[in-house]
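The structure is given below, and queries will be raised subsequently.
Throughout, read-outs are computed from the coordinates displayed, never taken from laboratory work. Quantities reported herein were computed from a predicted structural model and do not represent experimental measurements. FYI the Cβ positions are ideal-geometry reconstructions off the backbone, even for glycines, and counts take in every protein chain you see.
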Amino acid sequence: MTKVTDWRHHFHQYPELSNREYKTQESIVEALTEMGLEPNTEFGITGVTAFIRGQNPGPLIALRADIDGLPVTEKLNLPFSSKVKTTYQGNEVGVMHACGHDAHIAVLLGVASFLSRNTDKLNGDILLIFQPAEEGAPEGEEGGAELMLKEGLFEIEKPDAIFGLHVSNFKKWSNLDKTWTNNGFS
Ligand SMILES: [Zn+2]
């Protein structure tokens, strides 16, 4: 569990915007490689995918985490707060995992670590999908799940089912004004 927390803090501290998740991609590749997996970076510009092969027959289940941050300046001052700044639509902006995708990456890496150590008990296979640009590709660019599919991700092997998750802070969400949700940052 410590490792999952460390991953979450790391990705929180170094967020990257949609289709610019280069360091995020590198860190995911490194973590998966350490687990003995063979990460594939050919889909979605900055995406990462990998198979975990179970030792028993069964379905192929895809598990997906989104990996991009938002053009939001972090106001908290924690040891792992983001100080990242970048240019977005001509303005200098802060970058923050304000949506929780740092947690999504850490959770999926944790799941990958557990499953890759327990393939003897795994009935079927797992396709890990770390998907960039969930918030939407920059103007004029393609990205996200749509691009990964267009590039043929499911043509290698089509999953029988796919699962993703999205964290939420109900207390915080209930206090947010409508403009936030109307901006599509859900
Ligand atoms: Zn999100």
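How large is the Rg to Rh ratio of segment 40-135 when both quantities use alpha carbon positions and Rh follows Kirkwood?
Values: Rg = 16.7 Å, Rh = 15.1 Å.
Looking at segment 40-135, the ratio lands at 1.10.
Of all the Cα-Cα pairs you can form in segment 56-106, what percent are over 18 Å apart?
Details: 582 of 1275 pairs.
Cα-Cα pairs of segment 56-106 separated by over 18 Å account for 46 percent.
Given the convex hull of the Cα atoms of segment 85-164, what is a quarter of its surface area in nm²?
Taking the Cα atoms of segment 85-164, their convex hull projects to 7.0 nm² on average.
Please identify which residues in segment 131-158 have an amide N closer than 18 Å to a label point set 7 Å out from the Cα of Asn40, following the Cα→Cβ vector.
Under 18 Å, as judged by backbone N against the label point of Asn40, lie 131-132, 144-158 of segment 131-158.
If you don't mind, there's one more thing I want to ask. Helix-only estimate, please: 222 nm mean residue ellipticity of the chain, summing -39500 (n - 2.57) across DSSP H runs of length 4 or more and dividing by its residues, to the nearest 500. Write down the numbers at each step before the final one.
Details: 7 runs with 63 residues, N = 186.
Calculated at 222 nm, the ellipticity per residue is -9500 deg cm²/dmol.
Kindly rank 84-91, 58-65 from highest to lowest mean number of other beta carbons found within 10 Å of each residue.
Packing proxy ranking, top to bottom: 58-65, 84-91.
Here's another thing I want to ask about it. About the Cα centre of the chain, how large is the charge dipole given +1 on each Lys and Arg Cβ and -1 on each Asp and Glu Cβ? Please answer in debye to the nearest 20.
So the dipole magnitude of the chain works out to roughly 800 debye.
Could you calculate the FRET efficiency of Lys75 with Glu139 from 1/(1 + (r/R0)^6), where r is the beta carbon distance between them and R0 is 30 Å, rounded to 0.05? Could you put the intermediate results ahead of the total?
Numbers: r = 27 Å, r/R0 = 0.90.
Approximately 0.65, to the nearest 0.05.
Over the chain, one equal point on each Cα, no solvent: what is log10 I(q)/I(0) by the Debye formula at q = 0.12, 0.14, 0.16 Å⁻¹?
-0.58, -0.78, -1.00
On full extension of the chain, what length is gained from Glu30 through Ser168, given 0.36 nm per residue of separation minus the C-alpha to C-alpha distance? Please report the intermediate quantities before stating the final value.
Values: separation 138, 0.36 × 138 = 49.68 nm, distance 2.77 nm.
That works out to 46.9 nm of additional length.
Can you give the alpha-carbon Rg of segment 1-87 over 2.2 N^0.38 Å, where N counts its residues? Spell out each step's value before the answer.
Working: Rg = 15.1 Å, N = 87, 2.2 N^0.38 = 12.0 Å.
Against the empirical 2.2 N^0.38 Å value, I get 1.26 for segment 1-87.
Sum up the charges of everything whose Cβ sits under 12 Å from the Cβ of Gly152, counting Lys and Arg as +1 and Asp and Glu as -1, but leave Gly152 out.
Values: positive: Lys150, Lys158; negative: Glu42, Glu151, Glu155, Glu157.
Charge balance near Gly152 sits at -2.
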